[in-house]
Structures are given as structure tokens and as C-alpha cells.
Amino acid sequence: MISSIKKNISNFIALLLSPLLILFYVSSWVSNGRIFAAYAQLLSLIPGKIGSYCWISFYRFSMKFCHFDCVIGFGTLFSQLDTEISQGVYIGGSPQCNIGLCKIGKNCLIASGVHVMSGSKQRKFDDLEIPILQQVRRI
């Protein structure tokens, strides 16, 4: 029952956000998807429960996958379109979280202030016996 109500609220908010989603798709097409972080930052400023529904509704239609039944805390920033957020995920609120390219599995909890980094400047972690700090940077 609660899941059904959440989905209906999320769909209603998505309908309200449809002009912003259309603007996002047009601007994303022009900028090859690099504008996503700007939209994510803008929406992350909306506080409270309404803000949470706004973020999730936007991410459902902009990211690779975002389940409607998740919680994204205030000030959480996403930088990559290919990020996936599964059902039951909780991403902590303030202070902010920064999430790069990743796949967050079902019922995963991420505390406040956590940074999940991605990109070419991060270190490899292929060998679990060697501390990450001592492994080679990706180029």
C-alpha cells in the first residue's frame, strides 16, 4: 500500500517536473549529457519531503536507473547519468553526499557526507592485498 502511494506521488511530481525534464533532455542533447550535474545541483537545493520526491522523480527519468522507492537526502549531488539506484536505497542527508558513476544495490545504506568517486583520476584497486593509496592512479 505505502509503495503504491509513493509511486503515485512520484509520478505526480514527475508530471509537474515535465517542463524541466524536457528542458534537461534538450540541453543534454546539445551538451552531450554534460549538463546533468548542473540540474542535479539545482534540484538538490529543494528541501524536505517534497524535495526528495522532486529529486527521485527527476533521477528516474534522467539516470540510467533510479527506483521510485528510495531516499535521497538533502544536498546529495550526482555527477553521472549512468548511475543506478536500486529499490530501498537510503543516501544520507546533510552534510551532503557526492555520488559519481556507480551502481547502488538494493537496500544499500550510505551515510551522510560519503563521497563515491569515479573518473579517470581515481586509483585502481585491482589487488586487494595492496592498500589503495599505494596502487597506481588510473590515466
TODO: Within segment 64-79, track down each residue that is buried (at least 18 other Cβ atoms within 10 Å of the Cβ) and either assigned to a loop (DSSP other than H, G, I, E, B) or small (G, A, S) (or both).
DONE: H67, F68, C70, G73, F74, G75, T76
Open item on the list: Going residue by residue through segment 99-106, is there one that turns out to be farther than 21 Å from P19 by Cα, of a type in the set (A, V, I, L, M, F, W, C) and at pLDDT below 90?
Closed with: yes
- [ ] Only residues that are over 21 Å from I91 (Cβ atoms) and either assigned to a helix (DSSP H, G or I) or under 11 Å from the mean Cα position of the chain (by Cα) (or both): list them for segment 22-63, please.
- [x] I22, L23, Y25, V26, S27, S28, W29, V30, S31
Task: Residues that are over 17 Å from the mean Cα position of the chain (by Cα) and not in a loop (DSSP other than H, G, I, E, B), drawn from segment 1-12 - done: I2, S3, S4, I5, K6, K7, N8, I9, N11, F12
Task: Verdict on A40 being surrounded by 14 or more Cβ atoms within 10 Å (Cβ to Cβ), touching a residue at least 12 places away in the same chain (Cβ under 8 Å) and farther than 21 Å from I99 by Cα - done: no
Open item on the list: I'm told L77 meets every condition in (1) of a type in the set (A, V, I, L, M, F, W, C); (2) at pLDDT below 90; (3) more than 23 Å from S28 (Cβ to Cβ) except one. Can you identify the failing condition by its number?
Closed with: (3)
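The values are calculated or read from the model by the stated rules, or taken from the named source; none is laboratory data. These numbers come from a predicted model, not from an experiment. All Cβ positions, glycine included, derive from the backbone under ideal geometry; neighbour counts span all protein chains shown.
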